[in-house]
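What follows is a set of notes on a single structure, which appears directly below.
The values are calculated or read from the model by the stated rules, or taken from the named source; none is laboratory data. All figures in this text were calculated on a predicted structure; none of them were measured in a lab. Every residue, glycine among them, receives a Cβ derived from its backbone with ideal geometry; neighbour counts consider all protein chains shown. Remember, those area values only see protein heavy atoms, side chains included, never the ligands or the DNA or RNA. Shrake-Rupley method; radii C 1.70, N 1.55, O 1.52, S 1.80 Å.
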Amino acid sequence: MISLDQHKEALNQAGLEMLQLCHKQLGNAREAFFNHDSELAEEVVHTENRVNALDLRIDRDCERFIALHNPVASDLRFALALRKINFDLERVGDHAYGISRYIVELDTPIDKKLLEMMQLEEMFDAALSMLEDITDSYEEVDTKMARKVFKKDKTLNKINMQSFGIISEEVQKDPKLINQFLLLFSVIKKLERIGDLITNIAEEIIFYSEAEVMKHRKKKKVRRSED
């Protein structure tokens with residue numbers, strides 16, 4: 001029978017594999033999007049099956065870890081956190097898949113001027129940087145590194161908030177661009193959601209390492225400021 005420490009390390013490595021896989025998926029989705037590379041986009045689409053399979057394996061193994069070892073304290077927090085991290089990473093993979101599907105189905109590339117106007121490159125770069133930070137944080141159990149993503153997520157939120165106004169103004173100037181703008185708006189929403197998912201992962205790393213529950217903290221801060 002596998003020991004608790006051996007089982008935990010196997011789970012830890014599977015979590016790291018999932019992080020690296022999702023980072024690669026988003027990186028490839030970015031390259032496919034800007035280069036209108038349908039072959040690379042197809043690769044992301046097909047690799048989604050691997051993401052889903054790893055998601056199911058990690059979830060099953062976390063349940064098995066808890067059932068076999070009846071862990072307590074940090075070991076239990078690790079298993080609970082990894083399940084949630086895995087869930088959020090699978091959704092990151094879903095968004096990378098969704099962006100790549102647009103490239104597969106789109107006949108013509110997006111106008112580069114529109115990409116610059118909507119700050120898509122900045123959004124992709126911020127999301128990928130957050131994934132790199134959170135991977136390092138997970139591997140080193142470094143909560144200081146985990147907290148770095150909260151600030152970077154503000155970049156994604158800001159661009160997302162500005163996007164609707166830009167689209168509304170530009171479509172009035174040239175209604176023929178509406179389809180391209182709607183596509184860009186969809187990608188922006190996916191990238192903004194990826195940022196939220198990565199901040200969720202950061203919160204779980206902090207929970208595992210420091211037994212500090214971060215969930216709903218932002219809501220409480222907003223309520224206090226409103227009061």
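Quick notes on this structure:
- Taking the Cα centre of region 8-88 as origin and assigning +1 to Lys and Arg Cβ atoms and -1 to Asp and Glu Cβ atoms, the resulting dipole is close to 460 debye.
- Calculated [θ] (222 nm, deg cm²/dmol) that DSSP helices of n ≥ 4 give over the chain, each run adding -39,500 (n - 2.57): -31000 deg cm²/dmol
- Checked against a 30 Å cut-off, the cross-linked pairs LYS8/LYS158; LYS84/LYS189; LYS112/LYS144; LYS84/LYS152 give Cα-Cα distances beyond that limit for LYS8/LYS158; LYS112/LYS144.
- Placing unit charges on the Cβ atoms only, positive for Lys and Arg and negative for Asp and Glu, gives region 86-227 a dipole magnitude near 720 debye about its Cα centre.
- Axial C-alpha extent at least 20 Å, average Kyte-Doolittle at least -1.0 - helices from the chain (DSSP): 4-35, 38-69, 73-105, 120-140, 143-173, 178-210
- Sites ASP136 and ARG57 - FRET efficiency at Förster radius 22 Å, r taken between beta-carbons, to 0.05: 0.40
- Percent carbon-and-sulfur accessible area, the chain, ignoring ligands, DNA and RNA, probe 1.4 Å: 50 percent
- Residues of the chain: accessible area per residue with a 1.4 Å probe, Å²: 54 Å²
- Normalised contact order of the chain, rounded percent, pairs of Cα under 8 Å and 6 or more residues apart: 24 percent
- Take every pair of alpha-carbon atoms less than 8 Å apart whose residues are at least six positions apart; their mean separation over the length of region 1-114 yields a relative contact order of 39 percent.
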